[in-house]
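The values are calculated or read from the model by the stated rules, or taken from the named source; none is laboratory data. Every value quoted in this text rests on a predicted model; they were computed, and no experiment measured them. Here the Cβ positions follow ideal geometry from the backbone for every residue, glycine too, while neighbour counts run over all protein chains shown. We work out accessible area using only protein heavy atoms, side chains counted, and drop any ligands, DNA or RNA first. Shrake-Rupley method; radii C 1.70, N 1.55, O 1.52, S 1.80 Å.
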Amino acid sequence: MAEQVWTLAGKPNCRLLRPSILLLMALVLVLLGYGILSPGGRMLGSLGAGTAVREPDRLQVVTQSRMAYPQPKVLTPSRTDVLVLTPWLAPIVWEGTFNSDILNVQFQLQNTTVGLTVFAIKKYVVFLKLFLETAEKHFMAGHRVIYYVFTDRPDAVPRVALGPGRRLQVLRARPYARWQDVSMRRMQMLSEAAEQRFLREVDYLVCADVDMQFHDHVGVEILSPLFGTLHPAFYGRPREAFTYERRPQSQAHIPWDEGDFYYMGAFFGGSVPEVQRLTKACHQAMLADRANGIEAVWHDESHLNKYLLYHKPTKVLSPEYMWDQQLLGWPSVLRKLRFVAVPKNHQEIRKSESGGQPTGSPEGAGRAGRAAGN
């Protein structure tokens, strides 16, 4: 038999080496297979070259030795005085319908980062300090947050003490002459920023108006692929009373016999891809309207309502998350007021800085002013 063999002196001995080679090959294959088949390997391997995504963060260790809380009772509904589920099975979030402790643990396990966008253009920058201070107290407590402040006055952005895991980024925005244009261009800026940075930096986006303040807990219970907030003036009214855009010439047109709810343009959001789709669609619809010489009655809010009619939100926030106590009081159906309007003089705020004359609608015609149904 002509069989080459290694001796202890360094000559080949195939019978002794073959098991070692096979063992080494098996170990290499196992390691390669783990890298390819592991969740991280599948995720990264499935992306094409050049795709920009947010890098997965290191998983946060959450110590939760027990899950002790009152057992949910199938035959005892959490609320009987309000609608808690839409016909398309999206939850409507009211106080008493969720357990924050359970939700916080679930989102901490996912190491969720939330982006909060706000536009502080011209004189509206005066509302920014209260907005940020109350957000630090009530918004996504215990979770990572990035505040995205769009403004034409970066030097006027106040310095607010931020908690651990929370930071602020200032993004320059153009100061359009009319407040309506600022409102409508918000959709364009959000869509572009989502593509350029949000997709890489955060998991969810919450888009809010700056002339508001957080009054109570606003946490991960609102997070969902796509959410909208019930307008405080219309949550108990029939669809015929909604101030949808009714002119067929507009891309925001909604017929009189259609509509679920009227959503407020001052508080909406969802996952970054869903918010990007929403804002891009609304911006394109507004461009089409402009080309046809028409402007929707409530600007970007009209287009938001059209979008959410045909792209149903996966979660709906009750008026607890959008309220004006000065105009509407505090009805018993609202156990908490979470995000509320700041008293203001719209006419004074919206005066043109160049000529001192008010631009756009008179006082009370804005989002907060409409809370009384004006």
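A few points about this structure:
Rundown of residues vs (1) polar (S, T, N, Q); (2) in contact with a strand residue (DSSP E or B) (Cβ under 7 Å, 6 or more places away or on another chain); (3) at pLDDT below 95, yes/no style:
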| residue | (1), (2), (3) |
| --- | --- |
| 98 | no, no, no |
| 103 | no, no, no |
| 138 | no, yes, no |
| 147 | no, yes, no |
| 151 | yes, yes, no |
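- The residues of segment 323-365 that are outside any loop (DSSP other than H, G, I, E, B) and either modelled with pLDDT of 80 or more or of a type in the set (Lys, Arg) (or both), listed by number, are 323, 325, 326, 327, 328, 339, 340, 341, 351.
- Flag if residue 213 is part of a strand (DSSP E or B), in contact (Cβ under 8 Å) with a residue 40 or more places away in the chain and open to solvent by 10 Å² or more (accessible area, probe 1.4 Å): yes
- Residue tally, condition within 23 Å of residue 331 (Cβ to Cβ) and open to solvent by less than 100 Å² (accessible area, probe 1.4 Å), over segment 63-89: 9
- Members of segment 182-210 that are under 21 Å from residue 307 (Cβ atoms), of a type in the set (Lys, Arg) and open to solvent by 20 Å² or more (accessible area, probe 1.4 Å): 185
- Residue check, residue 260 touching a residue at least 24 places away in the same chain (Cβ under 8 Å) and under 23 Å from residue 214 (Cβ atoms): no
- Close pairs from segment 125-154: first more than 21 Å from residue 272 (Cα to Cα) and in a helix (DSSP H, G or I), partner acidic (Asp, Glu) and open to solvent by less than 20 Å² (accessible area, probe 1.4 Å), Cβ under 6 Å, at least 6 apart: 127/211
- Selection count where residues are part of a helix (DSSP H, G or I) and out of contact with any strand residue (DSSP E or B) (no Cβ under 8 Å at 6 or more places or on another chain), scope segment 157-206: 15
- Whichever residue in segment 302-325 is charged (D, E, K, R) and more than 16 Å from the chain's Cα centre (by Cα) and, among such residues, is most open to solvent (accessible area, probe 1.4 Å): 306
- Of 270, 265, all but one fail to be at pLDDT 95 or above and in contact with a His (Cβ under 9 Å, 6 or more places away or on another chain); the exception is 265.
- Only one of the numbered conditions (1) under 12 Å from the mean Cα position of the chain (by Cα); (2) without any contact (Cβ under 8 Å) to a residue 12 or more places away in the chain is violated by residue 276, and that is (2).
- Subset of segment 91-105 (residues that are open to solvent by 20 Å² or more (accessible area, probe 1.4 Å), in a helix (DSSP H, G or I) and out of contact with any helix residue (DSSP H, G or I) (no Cβ under 8 Å at 6 or more places or on another chain)): 101, 102
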